[in-house]
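The values are calculated or read from the model by the stated rules, or taken from the named source; none is laboratory data. Source: prediction; values computed, not measured. Because the Cβ atoms are built from the backbone with ideal geometry, glycine has one as well, and the counts that use them run over all protein chains shown. With ligands, DNA and RNA removed, areas are computed over all heavy atoms of the protein, side chains included. Shrake-Rupley method; radii C 1.70, N 1.55, O 1.52, S 1.80 Å.
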Amino acid sequence: MVARKKHYRPPGKKKEGNAARYVTRSQAIKQLQVTLGFFRRLSILKGIFPREPKKKFKGNNHTYYHVKDVAFLQHEPLLDKFRDIRAYQKKIKKAEAKKNADLATLLRTREPTYKLDRLVRERYPKFVDALRDLDDCLTMVHLFAALPAVERAKIDVELIHNCRRLSHEWQAYVSRTYKLRKVFISVKGIYYQAEIEGQKITWLTPHAMQQVLPDDVNYSVMLTFLEFYETLLGFVNFRLYHSINVKYPPILDPQLEALASDLYALSRYIVSNSRTSTLEPKAASSSTSEQLEAQKKEMQADESDLRLAQLQHQLPSNEPGALMHLMEDAGCENEDDHDTKECRRLFKNMKFFLGREVPRESLLFVIPAFGGVVSWDGEAAPYKEADQSITHQIVDRPTQGHKYLSREYVQPQWIYDCINARIILPTEAYMVGRIPPPHLSPFVDNDAEGYIPDYAETIKRLQAAAKNEVLPMPGVGKEDLDDPQNLLVEGYISRAEANEAVKTKKKMATLEKQYHEELQRELQGAVMKKSKQGSEEDAKASEESVPDPKQIAEDIDTMSKLGMSRKKRGLLEAIEVCCFKQTYYWMSTVIRWENDLIVNRDLKMSVAEGTLFCRRDFCLSSLHMLSAFILQDDNMRNMKSRSLMYFFPLFFQKRKERNTARISKLKERKKKLKSSEN
């Protein structure tokens, strides 16, 4: 009997490794017996996402899911609900195909529905977990609140109204509790950051402009995400409103709701509810059952009276101080929080009026979140433009016709810069018709980036002046300001060091100037003047100290070689030897063409002695042409020009003498010819 291996596995029996832990998307769809659309929808709602295994056993062009995630989806009750909905839609299509309109409408009214409350509680067991994952949720809800209703993309009017309602409820809570911390206007939209229960939540809202829907976006996937985010944000708003003793969902004033003033209506609702909640007495632990029942009846009566007053428009419609003054009677969760107190007092005792051209919704959300009172030009506004108590009017136009002397006219950027700086900035740079300073992002750490803009330095100085702080000078820390005696001593020491440095710098400058002058004289070949006090020996020594130009060239060459590494130095020497051999080869070949062996022997002797002497003019002209060609070439000039200077020390001199002799002979012949003709 043959012994089997320890890890023997028959082929096709059991999978191991990544093949056992991961499956492709097509395998998961086949296992769940659903379509691709239902699988994608179920994965988004359950929070299942694709995985990246280390080894993709089916190839790189597949999407992989974990086996446990697919098993988690297989036991989901929504899967059966989706199957029932799909079967019911087939019945509706069948009735429409048979042209039975009554049956089709009846089936549509009885179509099965589902809720995602259980999934929200399952994915976020704690409220803090939901707050951590609220960034994308708020961005998506605010995006669809600004989109138009498009039938081809399946974006309904009810969906847009629901997103708008949820976003306004969230903004009203943030304004009411003064939780807004940062605002930044960019090309994409307006970035906001709030801090709730220690969690920083950042979201993006689009600008109030006409939105164009591109065709290359898959809106079905976005709508699936939005379906879950609507439920999640509803849960979060419910918990936050109950934390400040306000009933949820809010009942809005229909008049304000009809005028698209939902945020203002929500603020008034929260004010009225917070006031009534403070008047309700708390039940004592020793109270009897009869007292509790009487208290419940009183609470129900107060709530019914409040609803009637809201529906019949009996609430005060023009209270200047009612807008977002929400913390006067109701308690806050983080009342002792320093940031909350600072934000609450920023625009205190300030009244703003918004022009028609400014971003109204953003300023209605931002100004009350920092303790200000705001109104606008329109119906149901808290106060009119002619109110003399207005301190600032927000205008975004080049000129302003009619002006009130009791108020300041500023651009909208002033509001956002004041919020980010947490101080009231000067209004001179933000007046109407002027180019405002750069709008700096509060999300950028200038110290970490290594660049601090000029306006950031100005704001830092204004912040220090507002807090009565003394900013240290550049190079001086705050610990030096605490010990002025040490700073004074260091000042004396640094001043003495500075004086010494100036003196040494002057000496070095004079020495450097003298050295440059001496070098210039040496290069020009000028003889240095003898000093009057020096003797003849000093003069001889000075004459001997004048270096030879050839020696200077050799010294420069050796110095350049000393700076090289051993490998590069050897390579340079090899190149010079090669150049020497090449020039000798070309010279010998040129002479061999026109001369015999004796000329070649004389050439070898002349090269060995460092001098050249050829017997024929043709050889000299050929060598002259060869040297000129080598000197004209840029690549050969650096290495071969030096070798040519050593090879041809007397070549050009001899050539000159022969040329002058020839010219003189030609001139004599011309004179003789002229004389003979005469």
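With respect to GLU158, is the statement that it is over 24 Å from ARG121 (Cβ atoms), open to solvent by 10 Å² or more (accessible area, probe 1.4 Å) and in contact with a Lys or Arg (Cβ under 8 Å, 6 or more places away or on another chain) true? In short, no. Is it the case that some residue within the range 173-181 is open to solvent by less than 10 Å² (accessible area, probe 1.4 Å), touching a helix residue (DSSP H, G or I) at 6+ places or on another chain (Cβ under 9 Å) and assigned to a strand (DSSP E or B)? Yes - at least one qualifying residue is present in the range 173-181.
At least 2 residues being buried (at least 20 other Cβ atoms within 10 Å of the Cβ) and aromatic (Phe, Trp, Tyr) is the threshold, and among the strands (runs of 3 or more DSSP E) wholly inside the range 343-405 those reaching it are 351-354.
Of all the residues in the range 90-104, those that are exposed (fewer than 13 other Cβ atoms within 10 Å of the Cβ) and in a helix (DSSP H, G or I) number 5.
Of the residues screened, ARG132 is one that is modelled with pLDDT of 90 or more and open to solvent by 20 Å² or more (accessible area, probe 1.4 Å).
For the range 110-128, what are the residues that are in contact (Cβ under 8 Å) with a residue 40 or more places away in the chain and farther than 18 Å from ILE48 by Cβ? Correct list: LYS115, ASP117, PHE127, VAL128.
Any residue in the range 40-57 that is in contact (Cβ under 8 Å) with a residue 24 or more places away in the chain sitting within a Cβ distance under 6 Å of a residue that is basic (Lys, Arg)? List the pairs, counting only those 6 or more apart or interchain. Note: pairs meeting the criteria are GLY47/ARG123.
Restricting the range 105-125 to residues that are in a helix (DSSP H, G or I) and among the charged types (D, E, K, R), which is nearest to GLU230 (Cα to Cα)? Show your work before the answer.
Quick first cut of the range 105-125, residues in a helix (DSSP H, G or I) only: 105-109, 117-123.
Imposing the further condition that a residue be among the charged types (D, E, K, R) reduces the set to 108, 117-118, 121-123.
Details: ARG108: 23, ASP117: 11, ARG118: 14, ARG121: 14, GLU122: 16, ARG123: 15 Å.
The residue in question is ASP117.
Among the residues of the range 441-465, those identified as touching a helix residue (DSSP H, G or I) at 6+ places or on another chain (Cβ under 6 Å) and in a loop (DSSP other than H, G, I, E, B) are PRO442, ILE452.
Within the group LEU147, LEU107, which residue is hydrophobic (A, V, I, L, M, F, W, C) and touching a residue at least 60 places away in the same chain (Cβ under 8 Å)? Working first, answer last.
Details: LEU107 fails: touching a residue at least 60 places away in the same chain (Cβ under 8 Å).
Only one candidate passes the filter, namely LEU147.
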